[in-house]
Amino acid sequence: MEFTFRQLRQLYKSMKANGKGQERFVFFINGSKNICVEFEVIFLIDRTPFELLVGAKGYQLAFILKVQKGFKTELPDHIYHEICKILNLKYSKDHFSSAKFLSILDENAPTQCSRHQVQPHEVAFYKREEIPESEKIYFCGWNDHQADGRIARNFEKTRELLGEAVADFCEKNNISSMWSAVPHDRKNYTFPLGFPS
């Protein structure tokens with residue numbers, strides 16, 4: 001069943017106005033038997049279609065929702081059933097539906113984006129199956145190959161974790177993103193030099 005986000009649209013407007021391609025927020029849902037689950041959301045508007053990365057803290061549930069034109073999405077049945085299992089809720093008894101879950105997510109989306117910069121390893125948690133060298137999720141900086149004459153690579157990984165505009169810029173300017181599997185190697189994310197932010 002298709003669902004249309006309303007408040008998420010306001011967050012999008014704030015992100016666009018502030019030049020942010022990624023935003024993170026959390027919300028809670030009370031289930032039955034004193035269960036309260038924290039859900040993390042990372043909203044990515046730096047790709048087409050937009051994406052919502054959603055995870056249940058402390059549970060083996062993480063999924064990606066595509067947000068189509070008009071801020072529409074659908075929650076797959078198998079994910080809805082996993083959410084119901086975690087919360088110990090049922091549609092027949094508790095009237096908890098996929099639309100109810102998405103409505104709670106939407107109602108808890110901030111209308112203004114924060115100053116917090118989403119870090120690439122936070123996105124990589126949801127994208128491990130889609131990126132090469134999936135053990136290397138910690139951003140280490142940029143390698144500008146205009147100086148050494150080598151050919152840049154990592155465009156697929158850059159696109160998945162950092163967005164389309166950054167990947168296109170890197171491809172055009174022969175710049176590679178650098179990654180490590182070691183958390184201690186991580187640097188806070190910055191745009192590549194010369195990127196129009």
query = Which whole-number percent gives the relative contact order of the range 53-95, counting Cα pairs below 8 Å spaced six or more residues apart?
reply = 24
query = Between residue 82 and residue 99, 0.36 nm times their residue separation minus their Cα-Cα distance comes to what?
reply = 4.7 nm
Packing-based order for 11-18, 136-143, using average beta carbon neighbours within 10 Å, highest first = 136-143, 11-18
inquiry  = If you filter the range 59-108 for trypsin sites (Lys or Arg not before Pro), then keep DSSP loop positions with at most 11 other Cβ within 10 Å, what is left?
reply    = 69
remark   = Once normalised by the length of the chain, the mean sequence separation of its alpha carbon contacts under 8 Å that are 6 or more apart gives a contact order in percent of 20
task = For every helix of n ≥ 4 consecutive DSSP H residues, a contribution of -39,500 (n - 2.57) applies; sum these over the chain, divide by its total residues, and give [θ] at 222 nm rounded to the nearest 500 deg cm²/dmol.
result = -9500 deg cm²/dmol
query = For the chain, what is the accessible area per residue in Å², given a 1.4 Å probe and the full set of protein chains?
reply = 56
task = Calculate how steeply helix 77-87 sits against the longest principal axis of the alpha-carbon atoms of the chain, using the helix alpha-carbon long axis, and give the answer as 0 to 90 degrees to the nearest 10.
result = 70
key: Stretch gain in nm, segment residue 63-residue 184, where the contour uses 0.36 nm per residue and the Cα spacing is subtracted   = 40.9 nm
query = For the chain, modelled as a GNM with alpha-carbon contacts under 10 angstrom, which of 114, 103, 32 fluctuates the most?
reply = 32
message = Normalised radius of gyration for the range 1-76, please: alpha carbon Rg relative to 2.2 N^0.38 Å, two decimal places.
response = 1.17
query = Regarding the range 36-113, what is the average projected area of its C-alpha convex hull, in nm²?
reply = 5.7
note = GNM on the chain, Cα springs under 10 Å; top mean-square fluctuation among 173, 154, 34 goes to 34
Listed residues 22, 68, 146, most fluctuating in the chain (Gaussian network, C-alpha, under 10 Å) = 146
request  = Return the carbon/sulfur percentage of the accessible area of the range 1-98, one whole number, probe 1.4 Å, all protein chains in place.
outcome  = 48
note = For the range 48-132, averaging the sequence separation of alpha carbon pairs under 8 Å that lie six or more residues apart and dividing by its residue count, the contact order in percent is 21
ask   = Once all Cα-Cα distances of the chain are split into 5 Å bins that start at 0, what whole-number percent is in each one?
value = 1, 7, 15, 18, 18, 15, 11, 8, 4, 2, 1, 0, 0
request  = Please give the length that would be gained between residue 34 and residue 156 if that part of the chain were fully extended, namely 0.36 nm times their separation in residues minus their C-alpha to C-alpha distance (nm, one decimal).
outcome  = 39.6 nm
message = What is the distance in Å between the Cα centroid of the range 64-114 and that of the range 128-197?
response = 32
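The values are calculated or read from the model by the stated rules, or taken from the named source; none is laboratory data. Computed from a prediction, not measured in an experiment: that's the story for all the values here. Cβ: placed from backbone, ideal geometry, glycine included. Neighbour counts: every protein chain shown. The accessibility values were calculated without ligands, DNA or RNA, using every heavy atom of the protein model including side chains. Shrake-Rupley method; radii C 1.70, N 1.55, O 1.52, S 1.80 Å.
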